[in-house]
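This report refers to the structure that appears directly beneath it.
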């Protein structure tokens with residue numbers, strides 16, 4: 001059976017794509033830090049190029065940008081430290097009392113409905129004393145045991161922590177050369193259309209990143225100020241963490257909400273804390289969902305709420321937590337591809353004829 005030139009080209013590209021896909025699947029554990037470094041390099045190369053345009057040596061510009069990025073990531077991680085150091089002792093003291101109050105309030109109501117449920121307060125207190133006791137010697141010993149058992153996991157984490165910044169540095173330092181090599185891999189007859197497609201994807205991703213960053217900063221300020229007005233001692237770390245964590249849609253907000261509820265329940269001991277949290281976070285969700293995100297993010301990449309939820313579940317199922325992080329930007333790129341395919345389909349004989 002003879003194939004037309006167009007069919008042969010399609011089969012060649014399909015075979016090449018299949019081979020690359022199989023290779024990526026086989027080398028996925030090895031490629032993960034390089035993929036993360038490439039994604040960070042794409043996000044961070046614009047400030048590097050701006051510094052280079054101001055006659056800053058490229059290696060110095062790369063070092064400055066990467067140091068600022070690492071400091072920002074470390075600062076975000078350290079936000080959790082004051083939350084845990086403040087809440088864990090309070091949790092050890094207040095959790096049994098909270099559960100006892102809940103048990104006293106719910107048990108009569110459930111009994112009237114024919115449901116006999118009673119919480120085992122003795123077992124709960126023993127559990128709290130065992131796992132939230134500030135016995136650092138035992139904790140350190142347990143940590144050493146876990147390191148011995150999961151040594152390969154520890155080495156993997158350390159490898160990622162060391163390898164990703166190194167990969168990021170070299171990618172940023174040689175970004176123009178790498179981009180030129182990728183362009184040279186494209187057949188000359190296709191470079192015009194490929195350049196147009198890449199430019200469109202770059203525009204969509206740039207709009208997404210800038211809009212998402214602005215929303216994160218505004219919501220971090222809103223949650224911090226809102227919780228502070230209600231007298232929360234941990235207003236700033238919890239509010240900033242929640243605002244920055246909304247980069248992971250729904251998941252980040254849920255974690256921030258749980259931290260805020262826990263902080264309110266432990267600090268105030270009654271309904272004042274949870275009610276204050278629901279007021280602040282409810283207003284924040286309305287402001288973000290109806291005004292900020294549609295105008296600064298969603299409208300620019302053209303994704304509905306249902307599409308966002310489906311993308312989160314699909315990418316999370318396929319690629320885990322990293323997939324959740326990449327769900328929206330990858331979906332934005334897929335939307336560009338889908339728009340082009342839809343336009344080609346509308347002009348094809350299959351549709352017209």
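The values are calculated or read from the model by the stated rules, or taken from the named source; none is laboratory data. Please read these numbers as outputs of a predicted model, since none were measured by experiment. Cβ atoms come from the backbone with ideal geometry, glycine included; neighbour counts cover every protein chain shown.
Please find, among 308, 287, the residue that is closer than 20 Å to residue 208 by Cα and at pLDDT below 75.
Matching residue, one of 308, 287: 308.
Restricting to the stretch 222-236, name every residue that is part of a helix (DSSP H, G or I) and either free of Cβ contacts under 8 Å to residues at least 60 places away in the same chain or within 14 Å of residue 261 (Cα to Cα) (or both).
223, 224, 225, 226, 227, 228, 229, 235, 236
The rows are residues; the columns are (1) touching a helix residue (DSSP H, G or I) at 6+ places or on another chain (Cβ under 8 Å); (2) closer than 30 Å to residue 47 by Cα; (3) buried (at least 16 other Cβ atoms within 10 Å of the Cβ).
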| site | (1), (2), (3) |
| --- | --- |
| 207 | yes, yes, yes |
| 220 | yes, yes, yes |
| 250 | yes, yes, no |
| 262 | yes, no, yes |
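Scan the stretch 335-347 and give yes if some residue there is closer than 26 Å to residue 258 by Cβ, surrounded by 17 or more Cβ atoms within 10 Å (Cβ to Cβ) and at pLDDT 75 or above, otherwise no.
no
Residues that are modelled with pLDDT of 85 or more, at least 3 per element: which helices (runs of 4 or more DSSP H) completely within the stretch 114-220 meet that?
151-173, 175-185
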